[in-house]
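Input: a single structure, listed below in structure tokens.
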Amino acid sequence: MLTDRWTLQVATDDPAVVAGLDTFDTSFITYGTTAAAVWDAAKADPACVMAQAKAAALEMFLQTGTSITKARPWLRQAEPHLGKATERERLWHAQVSAWVDGDAETAIAICRDIAQRWPQDLAAVKMTQFHMFHVGDLAGMLDIAEAALPVHRHIAEMHGMLAFGLEEMNRLGEAEAAGRRAVEMKRAEPWAHHAIAHVMETQGRCAEGFDFMAGLADTWADRNSFMLSHNWWHMALFAIDSDRPEVALKLYDDHVWGVWKEYSQDQVNAVALLARLEFAGLDVGNRWQDVADYIAARGPEHVEPFLDAHYLLGLTCAGREAAAATLLASLRDHVAHQDDRRLMGRIWHTVGLPLAEGVAAYGKGDWRTAFNRLKPALDGLQQIGGSHAQRDLFWQLWLRAGAHAGEIATVRPHLEQRMADRPGVAKHRRELAQLAQI
């Protein structure tokens, strides 16, 4: 056996395979562009269980309708060799298998076990946070980061993980301190930049947040498309909050849309930003059409409720009624076959479907249906994943639908609370002024 970058054993005698695994882990933790090295590693040693498990995980990270189909052969390839693998490798195989099977609870439990028993394995800590994030276990995200911190105090990315967990738990001062500690250790730590941006967005520090991110943007150029486009997306949100939508539109054109148009997360960033630009009264021209072309090419996939809701909004805002109807009909069938005894099944039933139906109604201008269907989804919105800032899109849809549906008395207190929470945000004053004109 050889040892990986965490000084933990891997059942292979090929140093190139270990190098591929180390490259994957590094790319995963730093949002790099070299994770595909694990596929070469897995091909080089079909008996290496860890390589097969992480090759399958990379397929799942791509979030396509074929991800599960492509992940299963890697996992099957490893099965005859599980007996010769280390216990940690077997558990990695088991957690990815649970993920592929749609069993989020088991995947999280196994991942947490790996991270607790082998805290040196920072990739396992990151993977645990990843799984928890996608079902809204925000307390768990913070717990696992705090547990791993004593082992990884010297690693900037550990402090970035801690910062994001703290931010999502609304411990904003601590989150900013952890994020700034990460940046002091390593200026090019984009996840820490991202966590600090969330803090500043929540606190309404628009101008400061824009300048902070602009001062670090040069370090994002070699990061993967999600991290690159998403941090620019946060800059665009600061511009919109400052009532400078034209600046946000330029950021959209120059940095947010166009890095990897086929990727789910890039499409999510584009849809969410275009919607906010329209909320601000900006004419986005034919930009919806370009995004919708790539969403329509996906066909119905149902990887996650968070993704489907964005896809439906993109299609309906582009006037692709037939494609949106097909996606929604397929989603209803998908949810009908989900086992609500499982966590993901319950999330699809109680949040995913009403959210999708509400979004589709909003895109068609059916304000009453949008208002009524979105409300029950909002109560459990955390469970679909996405950050506070990302999920706020659906609150904004509900508020706007309510205003158009004549529910002024219902939505006004929410808008007033937003202005009270972030008094320096110009956007909120505009939103209240618009309400008076409806």
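All of the numbers you see were taken from the coordinates with simple rules; none came from a lab. None of the values given here were measured: they were computed from a predicted structure. Backbone-built Cβ (ideal geometry, glycine too); neighbour counts: all protein chains shown.
Things worth noting here:
- Extension gain, ALA147 to THR7, is 48.5 nm, computed as 0.36 nm per intervening residue step minus the present C-alpha separation.
- Nitroxide proxy distance, nm - points 7 Å out along Cα→Cβ at ASP222 and ASP113: 3.9
- Per residue Cα convex hull volume in Å³ - calculated over the chain: 127
- Exposure proxy shown here: for ARG223, ARG180, the number of other Cβ atoms within 10 Å sets the order, fewest to most, as ARG180, ARG223.
- Computed on the chain, with alpha-carbon pairs under 8 angstrom and 6+ residues apart, the relative contact order is 11 percent.
- Rounded to the nearest 20, the size of the Cβ-charge dipole of the chain about its Cα centre is 580 debye, with Lys and Arg at +1 and Asp and Glu at -1.
- Full-stretch length increase - ALA336, THR86 - with 0.36 nm per residue and alpha-carbon distance subtracted: 86.0 nm
- As a rough footprinting exposure proxy, the listed residues MET235, MET419, MET1 were ranked by other beta carbons within 10 Å of their own, and the order from fewest upward is MET1, MET419, MET235.
- With contributions of -39500 (n - 2.57) from each DSSP H run of at least four residues, the per-residue ellipticity at 222 nm computed over the chain stands at -21500 deg cm²/dmol.
- Here the ratio of the Cα radius of gyration of segment 137-223 to 2.2 N^0.38 Å is 1.03.
- Dipole axis of segment 281-438 (+1 Lys, Arg; -1 Asp, Glu on Cβ), positive-most option in LEU435, SER387, GLY314: LEU435
- Proxy reagent accessibility, fewest Cβ within 10 Å first, across HIS428, HIS93, HIS159, HIS152: HIS152, HIS428, HIS93, HIS159
- Cα gyration tensor of segment 1-133 - equivalent ellipsoid semi-axes, whole Å, descending: 19, 16, 15
- Theoretical gain in end-to-end length, GLN289 to ALA322 [0.36 nm per residue, Cα-Cα removed]: 10.5 nm
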